[in-house]
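The values are calculated or read from the model by the stated rules, or taken from the named source; none is laboratory data. Quick caveat: nothing in here was measured; it's all calculated off a predicted structure. Don't worry about glycine lacking a Cβ; one is built from the backbone with ideal geometry, like all the others, and counts go over all protein chains shown. The protein model used for the area step is the full one, side chains on, heavy atoms only, and it has no ligands, DNA or RNA in it. Shrake-Rupley method; radii C 1.70, N 1.55, O 1.52, S 1.80 Å.
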Amino acid sequence: MFALIARARKDAKALEYINERNYGGFLSVESLGGGRRKEEVLENLNEILEKPYVPILLLGEKERHLMEELLPVLRESGKPFYARILRTKRVRNMRVDELHSNIEEIKARFRLGIEWRKAYLLNPENPFGVEINPDYDIYLATGKGFRKTMRSLLGVELGENSLVLRKKMNQEVYFSGPNRVAEVSKRLGVPTEVLWRCPCVENVPLERLIDANRDYIEAFARASRAFLERFKEHDVIVPWSGGKDSTATLLLASEVFDEVTAIYVRMEHEMPMTDEYVERLAGKLGVNLIRVDVPMPLDKFGMPTHGNRWCTRKKVEALYSVVSEFEKPVLLVGDRDGESARRRLKPPVVERKTNFGTVLEAMPVKFWSGMMVQLFILMRGLELHPLYYEGFYRLGCTVCPSLAEWEVRLLEKMGVEKLPAGY
């Protein structure tokens, strides 16, 4: 999570309003106490920097000199940070919606910004020039299978551990080393299309990527663990699909809580290799694993569609039938901003009204990118789900109506027979 920092208490109040309105009060809002010179605010700033949340310093045009004095202090802290001079004289002079837009763009910078130094380094200043948009995501195209599939199905050559910028409408830009090598459209309902390609491949060793980003990701992990500390008095439950986001959430939970329950709602038409992955990783982590098998009677309900996702309803019902047995449950879910605008606009904690009562849902990796999630899992000495190494961005059921033609072709290569029609 983030700490929004302003100079004066009145500016902090403007940020606090946005925090309550848009983020449920789950960001931290800090004031430097109102001083106008470095020596007047340094003690407050150092106290803020000692806390686990990731700092965002927002000052107005009249505070530009103070910003110049504080930037070296922020750099010396060793923490990821971002600092911005707003266009108004003071933070409190900016319209609320414009101030919120600034915060959203800065949040996106932390997960999308990249620096190239023989590896992709996460850096909100973004000297590499990746396009910043709050609804975009980045992830790594890692594994020999991923590269082989891109070559055989699309004729696109990738180096080891290419960077992928995932834009709206499933449009993806691929980077190999410092080079843009392809742009691919994976829109739902239409064939996959290569918009352009460039044969300029460069390999990036995975070990170098992990080492280069370790401190950055550990800083975000500390912030997420501090966020999770709020739920010490709850029964901690992670709905676990085997996907990267719920796996990272499970890892964070296991680092904070003595007892964690993972619920694997196993749909009848689950993705290949998920059962084995979940069982193997649960054993390594030592978490309580509850598996619930859910039949999918396609002969009765027909194939799921966007207008009739009866499968999702059955999955949610199965999950909450287990959750209802806990006295004070909190669900830790792997929702992230980069997945969709709908998820981005949700606060980090929501209350779900169910047939069994109100249940809290908390999102500890909400502000992470796909790349951050991948590297965090690998940093812990674990493997990703095998399908990520074959070209998948997300996991679901093999009959999911949200599968793109690209994913259907991958499943066909694996011999899966039950797939959505229309391609």
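Annotation note: Cβ proximity below 6 Å between a residue of segment 210-224 that is at pLDDT 95 or above and a residue that is open to solvent by 40 Å² or more (accessible area, probe 1.4 Å) (sequence gap 6+ or interchain) occurs for ARG222/PRO52; ALA223/PRO52.
The residues of segment 255-295 that are open to solvent by less than 50 Å² (accessible area, probe 1.4 Å), farther than 20 Å from VAL323 by Cβ and either touching a His at 6+ places or on another chain (Cβ under 6 Å) or part of a loop (DSSP other than H, G, I, E, B) (or both), listed by number, are HIS269, MET271, PRO272, TYR277.
The set of residues in segment 336-363 being free of Cβ contacts under 8 Å to residues at least 40 places away in the same chain, touching a helix residue (DSSP H, G or I) at 6+ places or on another chain (Cβ under 7 Å) and assigned to a strand (DSSP E or B) consists of THR354, VAL359.
Note on segment 23-66: among residues that are in contact with a helix residue (DSSP H, G or I) (Cβ under 6 Å, 6 or more places away or on another chain) and hydroxyl-bearing (Ser, Thr, Tyr), the one that is surrounded by the most Cβ atoms within 10 Å (Cβ to Cβ) is TYR53. I'd like the full set of residues that are within 26 Å of LYS284 (Cβ to Cβ), among the small types (Gly, Ala, Ser) and in a loop (DSSP other than H, G, I, E, B), limited to segment 367-423. Hits for segment 367-423 are SER369, GLY381, GLY391, GLY396. Candidates are the residues of segment 367-413 that are in contact with a Ser or Thr (Cβ under 9 Å, 6 or more places away or on another chain) and of a type in the set (Lys, Arg); the one that is surrounded by the fewest Cβ atoms within 10 Å (Cβ to Cβ) is LYS413.
Against the criterion of being in contact (Cβ under 8 Å) with a residue 60 or more places away in the chain and not in a loop (DSSP other than H, G, I, E, B), ILE106 does not qualify.
Of all residues in segment 237-254, how many are open to solvent by 30 Å² or more (accessible area, probe 1.4 Å) and out of contact with any helix residue (DSSP H, G or I) (no Cβ under 6 Å at 6 or more places or on another chain)? Looking only at that region, the number is 1.
Strands (runs of 3 or more DSSP E) wholly in segment 125-236 with at least 2 residues that are surrounded by 18 or more Cβ atoms within 10 Å (Cβ to Cβ) - which ones?
137-141, 162-166, 171-176, 179-185
Could you tell me whether VAL322 is open to solvent by less than 50 Å² (accessible area, probe 1.4 Å), farther than 17 Å from GLY396 by Cβ, of a type in the set (A, V, I, L, M, F, W, C) and in a helix (DSSP H, G or I)? In short, yes.
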